[in-house]
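To keep things clear, I will list the structure first and then write my remarks on it.
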């Protein structure tokens, strides 16, 4: 069963990160990169995606002024960054399950949030398909990231 859990920086959580198989970080940050920033910024909430006790995915929820980078409202939007699924867990519905659970999770931990927003690279077709499948819609906004054009998608929480 897939669950979303706040990363707590305990020895157990650090061991999960160390064992997390992500060798191809194309289109995303590594966990170490994302955590280095998130652990020093209280507006960034690192989330582990667990299958029982094994970490099979990861993402960061961002609030505040940083959501403006995708044209979102800092008072009500949550930006999703650094989403990845462990290479050993891909193709098993982990991302679909996690993203389906995410609105309820966000309502619980960030009750003022009304939207989830993310940027997806123009060449990341599997991610685009996934986000559409779980209810994200294209806002029509565009930005440029490390791999070129990005589409800004949004979902109501």
From the helices alone, meaning DSSP H stretches of at least four residues, give me the mean residue ellipticity at 222 nm for the chain, per-run term -39500 (n - 2.57), in deg cm²/dmol to the nearest 500. -8000 deg cm²/dmol
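Only Cα pairs under 8 Å and at least 6 apart count here; give the relative contact order of region 8-99 as a rounded whole percent.
26 percent
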Multiplying the sequence separation of residue 147 and residue 53 by 0.36 nm and subtracting their Cα-Cα distance, what value in nm do you get? 30.5 nm
The FRET efficiency for residue 112 and residue 87, from their Cβ-Cβ distance with R0 = 35 Å and rounded to 0.05, is 0.50
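Return a whole-number percent for the relative contact order of region 2-156, with Cα pairs under 8 Å and 6 or more residues apart as the contact set.
Worked out over region 2-156, it gives 20 percent.
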Tell me the label only: which of [x] 152; [y] 137; [z] 106 is volume of the Cα convex hull per residue in Å³ as calculated from this structure? [z]
Quote the relative contact order of region 54-144 in percent (integer), defining contacts as alpha-carbon pairs under 8 Å separated by 6+ residues. 30 percent
FRET efficiency estimate (nearest 0.05) - Cβ-Cβ, residue 42 to residue 15, R0 30 angstrom: 0.80
Label model pair residue 96, residue 139: point-to-point distance (7 angstrom along the Cα→beta-carbon line) in nm is 2.7 nm
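Here, each number is a calculation from the coordinates, and none is a lab measurement. Only a predicted model underlies this, so the values are computations on that prediction, with no experimental measurement involved. Virtual Cβ from ideal backbone geometry, glycine too; neighbours counted across all protein chains shown.
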